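*Asks:* Starting off with a structure, shown below.
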Amino acid sequence: MQLMARTPGGSWKACPNFGLRDLLESGRRSADVPRLAQERANAALQDLGFTDFTVEEIVREVSERRDYDIYAVTLAAGGDRYMTTVQSEILEP
């Protein structure tokens with residue numbers, strides 16, 4: 001998830017769905033960003049053959065810093081759940 005968060009979508013020809021940086025950087029401009037990032041991450045996982053893992057949820061957390069956002073990511077595999085966070089710099093319009 002950390003690598004996906006740091007890679008722009010479409011920049012890796014082997015897996016065009018890999019990469020969330022462009023979406024996460026625009027997180028404050030659109031309420032749909034977490035849902036779109038979740039969909040793209042799940043598509044990338046499927047493309048790469050990680051069929052047992054799914055991104056169950058991505059939620060933007062409250063951050064005290066203005067220059068980046070933090071996202072909580074919930075991954076599911078079988079009956080287990082894993083949580084991680086990723087951060088993204090903010091692109092000002």
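*Asks:* Working only within segment 26-46, note down all residues that are of a type outside the set (Lys, Arg) and crowded, with 19+ Cβ neighbours inside 10 Å.
*Replies:* Answer for segment 26-46, where residues must be of a type outside the set (Lys, Arg) and crowded, with 19+ Cβ neighbours inside 10 Å: Gly27, Val33, Pro34, Ala37, Gln38, Ala41, Ala44, Leu45.
*Asks:* Okay, next question. Being at pLDDT 95 or above and either in a loop (DSSP other than H, G, I, E, B) or among the hydrophobic types (A, V, I, L, M, F, W, C) (or both): is that true of Val55 here?
*Replies:* yes
Results for (1) over 14 Å from the mean Cα position of the chain (by Cα); (2) within 16 Å of Leu3 (Cβ to Cβ); (3) not hydroxyl-bearing (Ser, Thr, Tyr), shown as yes or no for each residue.
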| site | (1), (2), (3) |
| --- | --- |
| Ala14 | yes, yes, yes |
| Gly27 | no, no, yes |
| Ser30 | yes, no, no |
| Val55 | no, yes, yes |
| Arg66 | yes, no, yes |
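*Asks:* Let me ask something else about it. Yes or no: Ala5 of a type in the set (A, V, I, L, M, F, W, C), at pLDDT 90 or above, surrounded by 14 or more Cβ atoms within 10 Å (Cβ to Cβ) and in a helix (DSSP H, G or I)?
*Replies:* yes
*Asks:* Only residues that are of a type in the set (A, V, I, L, M) and either in contact with a Cys (Cβ under 6 Å, 6 or more places away or on another chain) or surrounded by 14 or more Cβ atoms within 10 Å (Cβ to Cβ) (or both): list them for segment 55-93, please.
*Replies:* Listed by number, the residues that qualify are Val55, Ile58, Ile70, Ala72, Val73, Leu75, Ala76, Val86, Ile90.
*Asks:* Name every residue in segment 26-46 that is in contact (Cβ under 8 Å) with a residue 60 or more places away in the chain and in contact with a helix residue (DSSP H, G or I) (Cβ under 9 Å, 6 or more places away or on another chain), in order of residue number.
*Replies:* Passing the criteria: Ser26, Gly27.
*Asks:* Turning to a different aspect of this structure: Do we have any residue at all in segment 47-54 that's in contact with a Lys or Arg (Cβ under 7 Å, 6 or more places away or on another chain), free of Cβ contacts under 8 Å to residues at least 40 places away in the same chain and surrounded by fewer than 19 Cβ atoms within 10 Å (Cβ to Cβ)?
*Replies:* Checked against the condition, which is being in contact with a Lys or Arg (Cβ under 7 Å, 6 or more places away or on another chain), free of Cβ contacts under 8 Å to residues at least 40 places away in the same chain and surrounded by fewer than 19 Cβ atoms within 10 Å (Cβ to Cβ), segment 47-54 yields no hits at all.
The values are calculated or read from the model by the stated rules, or taken from the named source; none is laboratory data. As the structure is a computational prediction, the values presented were derived from the model and not from experiment. Every residue, glycine as well, gets a Cβ built from its backbone with ideal geometry; the counts of neighbours run over all protein chains shown.
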